[in-house]
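For reference, the structure discussed in these notes is given below.
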Amino acid sequence: QVQLVESGGGLVQPGGSLRLSCAVTGSFFSSNDMGWFRQGPGVERDWVASITSAGSTRYADSVKDRFTISRDNAKNTVDLQMKNVNPEDAGVYYCNGAWFHDGINYPKWDYWGQGTQVTVSP
């Protein structure tokens, strides 16, 4: 029943900025930790950032101090503000519920949205 719709991706130059958005329906959004995950050249989706139901945030080391995750429980949305992007940030970005285990977050639901493509190029 859960539905995830990502948007906001596009072409950005190195050092530039993008803001990604995720709209969630079909679940008790306000009670779920949420995360952003990136799929690069491989098939795996790597954790990028997460935010708890109370608003506490965690970031992968590669994006810390450059990306900011936020949520709006009234709108059932979670955003990712990307600043000072580099080529390693490129990929398809997905949102999902987030489980925490041994210092890292993992996707909670087996349903994935279409994702939003981020391309980094001069």
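The values are calculated or read from the model by the stated rules, or taken from the named source; none is laboratory data. Remember, predicted model here, so these are calculated numbers, not experimental data. Note that each Cβ is placed from the backbone with ideal geometry, even for glycine, and that neighbours are counted across all protein chains shown. Calculation scope for accessible area: heavy atoms of the full protein, side chains included, ligands and nucleic acids excluded. Shrake-Rupley method; radii C 1.70, N 1.55, O 1.52, S 1.80 Å.
Residues that are touching a strand residue (DSSP E or B) at 6+ places or on another chain (Cβ under 7 Å), farther than 17 Å from GLY91 by Cβ and basic (Lys, Arg) within segment 45-69 comprise just one, ARG58. For the subset of segment 22-52 comprising residues that are in a helix (DSSP H, G or I) and closer than 14 Å to LYS75 by Cβ, which member is modelled with the highest pLDDT? Selected residue: SER30.
Could you look through segment 1-34, keep only residues that are under 15 Å from the mean Cα position of the chain (by Cα) and closer than 16 Å to ASN84 by Cβ, and pick out the one that is most open to solvent (accessible area, probe 1.4 Å)? Within segment 1-34, the match that is most open to solvent (accessible area, probe 1.4 Å) is ARG19. Residue check: is GLY55 small (Gly, Ala, Ser) and surrounded by fewer than 12 Cβ atoms within 10 Å (Cβ to Cβ)? Against the criterion (small (Gly, Ala, Ser) and surrounded by fewer than 12 Cβ atoms within 10 Å (Cβ to Cβ)), GLY55 qualifies. Checked against the criterion of being β-branched (Val, Ile, Thr), in contact (Cβ under 8 Å) with a residue 24 or more places away in the chain and under 18 Å from ASP33 (Cα atoms), segment 56-71 has at least one qualifying residue. Applying the criterion of being open to solvent by less than 70 Å² (accessible area, probe 1.4 Å) and of a type in the set (Ser, Thr, Tyr) to the residues of segment 63-114, the residue that is farthest from VAL2 (Cα to Cα) is SER70.
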